[in-house]
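I have placed the structure first, in the form of structure tokens, so that the comments after it can refer back to it.
Read-outs: derived from the displayed coordinates by stated rules, not from any lab. Note that this is a predicted model, so its numbers are computed, not measured. Positions of Cβ are generated from backbone atoms using ideal geometry, with glycine treated the same way; all protein chains shown enter the neighbour counts.
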Amino acid sequence: MLSGDNDTFLGVPTVERTTFEMVVIDVSLCGVRLDALSDYVAMVILARPRMDAVFGRESIMGVFRAGPDMTGMTGLDRAVLQGLYRADPQQEGRDEQDGIVRAVERDAGRF
């Protein structure tokens, strides 16, 4: 149990496991392509991004700003997912985050 202001869970390895997700969407109200919407939903479920963040065209998370021109995940999106799922959950929190950032920076241009 945490008791003080300086206590943190960053040093504790954590793993989140999703066993089942069901998403129901009325695609007639979306205004984006179905393939892009599918990738958007996959990114939300797999990466758990901050939903209050503002995303641009460099990510599928910006699909509602980009409109019907966006067709799916970008290279950045793929690099983020690979970085997240290749990360070692046994590392301390800050080290794990740094490793994910390095992997994304390295891999984003490959896609």
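Worth pointing out:
- Residue, surrounded by the most Cβ atoms within 10 Å (Cβ to Cβ), within region 87-103, restricted to residues that are touching a helix residue (DSSP H, G or I) at 6+ places or on another chain (Cβ under 7 Å) and among the aliphatic types (A, V, I, L, M): Ile100
- Test for Gly109: is it closer than 15 Å to Glu58 by Cβ and within 15 Å of the chain's Cα centre (by Cα): no
- Hits in region 59-84 (condition: free of Cβ contacts under 8 Å to residues at least 24 places away in the same chain and under 11 Å from the mean Cα position of the chain (by Cα)): Ser59, Met61
- In region 29-71, of all residues being touching a Lys or Arg at 6+ places or on another chain (Cβ under 8 Å) and crowded, with 16+ Cβ neighbours inside 10 Å, the one that is nearest to Gln97 (Cα to Cα) corresponds to Phe55.
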